[in-house]
1. Here is a list of conditions, (1) assigned to a helix (DSSP H, G or I); (2) surrounded by fewer than 23 Cβ atoms within 10 Å (Cβ to Cβ), and Trp180 meets all of them except one; can you say which number that is?
2. Can you tell me which residues in the stretch 115-167 are farther than 19 Å from Leu53 by Cβ and among the charged types (D, E, K, R)?
3. Quick check on Phe201: is it under 30 Å from Leu83 (Cα atoms) and hydrophobic (A, V, I, L, M, F, W, C)?
4. Among the listed residues Ser193, Ser103, identify the single one that is crowded, with 19+ Cβ neighbours inside 10 Å and under 23 Å from Val27 (Cα atoms).
5. Taking the condition of being touching a residue at least 12 places away in the same chain (Cβ under 8 Å) and small (Gly, Ala, Ser), how many residues in the stretch 125-138 meet it?
6. Just need a number here: residues in the stretch 183-212 that are within 19 Å of Gly66 (Cβ to Cβ) and in a helix (DSSP H, G or I).
7. Please list, ordered by residue number, the helices (runs of 4 or more DSSP H) wholly in the stretch 45-145 having 1 or more residues that are among the hydrophobic types (A, V, I, L, M, F, W, C) and over 22 Å from Ile179 (Cβ atoms).
8. Tell me, please, whether a residue that is within 28 Å of Phe171 (Cβ to Cβ) and either at pLDDT below 80 or within 15 Å of the chain's Cα centre (by Cα) (or both) can be found in the stretch 31-53.
Amino acid sequence: MSALIAQTRMEIRLTMRRFEAVLITMVVPVILLIFLGLIGLAPEEYSRPVDFLLPSMLVLAVMSTGLVGLSIRTAYERSYGVLKRLGSTPLSRGNLLLAKINSVILVTLIQIVVLIGIAALGFGWRPEGNLLLAGIVLVIGTATFAGLGLLLAGILRAETTLAAANTIYIFLLLFGGIIWPAERLPGAVSVVSSLLPSSAFATALRDILSTGEAPVTPIIILSVWGIAGILIASRTFRWE
């Protein structure tokens, strides 16, 4: 436990030292929230576009930090031999992964505050629904995408991780139920999209924040992705 706490502190310090990278991961969700909010992009059942867009951008922020930022940083740490040196210490592979996930959760909390502030001050969003349940789902979603990011970083070369993470990010942004709900996409694309972690995450947040009810199926899908990603990452992650 002491090794986990110490490594978590180190990961947080290293993350904040790369504050420019943190800002970059925040830029896209913030810009999209403002732009799409101004043009009012949302399905017709939403009287206020921000009620649809804020959960979407929260998911995008989690993806930016957990899937893209964490995977690329970890992959290059492995490439530069940083993880190899950590592997010679008492720190276990599981504790290293947990420490990195903890650091992602902290950065995500900052992003959540910024996005909610913009939504509230700029578009009149007010907290509704079950905020506690929404917070739990955000933690599950953050752990899920952090686990998937570590899975990429642990098995691929740094350059390949860079390309793969950004490709998956763009694919999920366009077809993963973020910009537009999965059920509104055409044919088989809709079915595939509904099974993706981003779509399940966004659907769960939208329902919880609008109605306060817990959508069981999306939460189960998201949790399955999270458990599978973390378990596979813990078994396949290579120090070098």
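The values are calculated or read from the model by the stated rules, or taken from the named source; none is laboratory data. Everything numeric in this text was worked out from a predicted model, so none of it was measured. All Cβ positions, glycine included, derive from the backbone under ideal geometry; neighbour counts span all protein chains shown.
1. Just one mismatch for Trp180, condition (1).
2. Arg157, Glu159, listed by residue number.
3. No: the conditions fail for Phe201.
4. Every option except Ser103 fails the conditions.
5. So the answer is 2.
6. Total meeting the criteria: 9.
7. 70-79, 82-87, 93-123
8. Taking every residue of the stretch 31-53 in turn, none turns out to be within 28 Å of Phe171 (Cβ to Cβ) and either at pLDDT below 80 or within 15 Å of the chain's Cα centre (by Cα) (or both).
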